[in-house]
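**Q** Have a look at the structure that comes next, please.
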Amino acid sequence: MTEPSLRHLAQLALPGAAIGAFAGPAAFGLALIAGQPAGWAAATGVALGLPLALLGGGFGLLLAAGVIAPGVFAPTALYWLAGFPLARLAHEVLAGLLLAGRPALPPDVLAFLAYQAIVSLGFAIGFSWLHERVAPGWLRRIRHGNPRAERLYQFYLRHAEAQWEARETRRRARAAARTKGAA
């Protein structure tokens, strides 16, 4: 496979980056609901959305490179086990910089990172679920000019066909069992 262009790489990173970036407005909204001032909420949205967007884009690139297998949760969970705590640490540092003019670390960095590693599983589940729904449609749009996108799209297409066939086989088996039971 030929070396991808910067444009191709950006296209492949876009779904994950968009999902990661979405955490920023979500954090902004939650901070407002929690009663935080608008400036604080905006700082937390930017400080969390930026690192998660970068990590989400990195996830898409690893997927396109074949390092992470599409549809397999364990590598995604491991990626976010490392990435989410780092994103949260960056969030703390950046929020301190934006709000107080100086970077701020949590009082007990190791305990903070350990807790964020636990929380990362929930983030990984949500990220994976969203990525599996967003990426195939995007890949379908860009696949003709991007060979890696075509390869990933074909994987998702085969997977969807296998899922559909399995569902239809179960449906036919249930229908046959009902017919047999009624006779």
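The values are calculated or read from the model by the stated rules, or taken from the named source; none is laboratory data. In this text, all values refer to a predicted model and were calculated from it rather than measured experimentally. All Cβ positions, glycine included, derive from the backbone under ideal geometry; neighbour counts span all protein chains shown.
**Q** Residue pairs, Cβ under 7 Å, 6 or more apart or interchain, first in the range 140-165 and more than 16 Å from residue 71 (Cα to Cα), second among the small types (Gly, Ala, Ser). List them.
**A** 142/149; 143/149; 148/64
**Q** Does residue 24 satisfy being at pLDDT below 95 and touching a Gly at 6+ places or on another chain (Cβ under 6 Å)?
**A** Values: at pLDDT below 95: yes; touching a Gly at 6+ places or on another chain (Cβ under 6 Å): yes.
Judged against the criteria, residue 24 is a match.
**Q** Restricting attention to the range 43-83, report how many residues are under 16 Å from residue 134 (Cβ atoms), of a type in the set (Gly, Ala, Ser) and surrounded by 21 or more Cβ atoms within 10 Å (Cβ to Cβ).
**A** Residues in the range 43-83 being under 16 Å from residue 134 (Cβ atoms), of a type in the set (Gly, Ala, Ser) and surrounded by 21 or more Cβ atoms within 10 Å (Cβ to Cβ): 5 in total.
**Q** Please work out which one of (1) closer than 26 Å to residue 138 by Cβ; (2) crowded, with 22+ Cβ neighbours inside 10 Å is the condition residue 86 fails and give its number.
**A** Condition (2) is where residue 86 drops out.
**Q** Separate question: If I filter the range 126-137 for residues that are in a helix (DSSP H, G or I), in contact with a Leu (Cβ under 7 Å, 6 or more places away or on another chain), within 19 Å of residue 48 (Cα to Cα) and polar (S, T, N, Q), do I get at least one hit? Steps first, answer last, please.
**A** Taking the range 126-137 and keeping what is in a helix (DSSP H, G or I), we get 126-137.
Now restrict to residues that are in contact with a Leu (Cβ under 7 Å, 6 or more places away or on another chain): none.
No, the conditions are met nowhere in the range 126-137.
**Q** Which one of the conditions (1) buried (at least 17 other Cβ atoms within 10 Å of the Cβ); (2) more than 20 Å from the chain's Cα centre (by Cα); (3) hydrophobic (A, V, I, L, M, F, W, C) does residue 152 fail to meet, given that it meets all the rest?
**A** (2)
**Q** Same structure again: What pairs come up if the first residue lies in the range 4-27 and is outside any helix (DSSP H, G or I), the second is modelled with pLDDT under 95, and their beta carbons are under 6 Å apart, counting only those six or more places apart or on different chains?
**A** Hits for this filter: 4/148.
**Q** Okay, moving on. List every residue pair whose Cβ atoms lie under 9 Å apart, where the two residues are 6 or more positions apart in sequence or sit on different chains, the first residue falls within the range 55-73 and is within 18 Å of residue 126 (Cα to Cα) and of a type in the set (D, E, K, R), and the second residue, located anywhere, is at pLDDT 95 or above and crowded, with 22+ Cβ neighbours inside 10 Å.
**A** none
**Q** Report, by residue number, each residue of the range 29-58 that is more than 12 Å from residue 95 (Cβ to Cβ) and assigned to a helix (DSSP H, G or I). Steps first, answer last, please.
**A** Quick first cut of the range 29-58, residues more than 12 Å from residue 95 (Cβ to Cβ) only: 29-30, 32-35, 37-38, 52-58.
Answer for the range 29-58, where residues must be more than 12 Å from residue 95 (Cβ to Cβ) and assigned to a helix (DSSP H, G or I): 29, 30, 32, 33, 38, 52, 53, 54, 55, 56, 57, 58.
**Q** Condition first: under 22 Å from residue 83 (Cβ atoms) and either over 11 Å from the mean Cα position of the chain (by Cα) or at pLDDT below 95 (or both). Now tell me which residues in the range 32-59 satisfy that.
**A** In the first step, residues of the range 32-59 are kept if they are under 22 Å from residue 83 (Cβ atoms); the result is 43-59.
Across the range 32-59, the qualifying residues are 43, 44, 45, 46, 47, 48, 49, 50, 51.
**Q** Restricting attention to the range 104-130, report how many residues are more than 30 Å from residue 69 (Cβ to Cβ) and in contact (Cβ under 8 Å) with a residue 40 or more places away in the chain.
**A** Going through the range 104-130, the residues more than 30 Å from residue 69 (Cβ to Cβ) turn out to be 104-112.
Now restrict to residues that are in contact (Cβ under 8 Å) with a residue 40 or more places away in the chain: none.
The qualifying residues number 0.
**Q** Filter the range 97-118 down to residues that are in a helix (DSSP H, G or I) and exposed (fewer than 14 other Cβ atoms within 10 Å of the Cβ) and give me whichever is nearest to the chain's Cα centre (by Cα). Full working, then the answer.
**A** Of the residues in the range 97-118, the ones in a helix (DSSP H, G or I) are 97-100, 109-118.
With exposed (fewer than 14 other Cβ atoms within 10 Å of the Cβ) added as a condition, the list becomes 100, 109-111, 114, 118.
Details: 100: 30, 109: 25, 110: 25, 111: 24, 114: 20, 118: 17 Å.
Among those residues, the one meeting the criterion is 118.
**Q** Continuing with the same structure: Residue 159 versus (1) modelled with pLDDT under 90; (2) touching a Lys or Arg at 6+ places or on another chain (Cβ under 7 Å): which is the lone unmet condition?
**A** Unmet for residue 159, out of (1) modelled with pLDDT under 90; (2) touching a Lys or Arg at 6+ places or on another chain (Cβ under 7 Å): (2).
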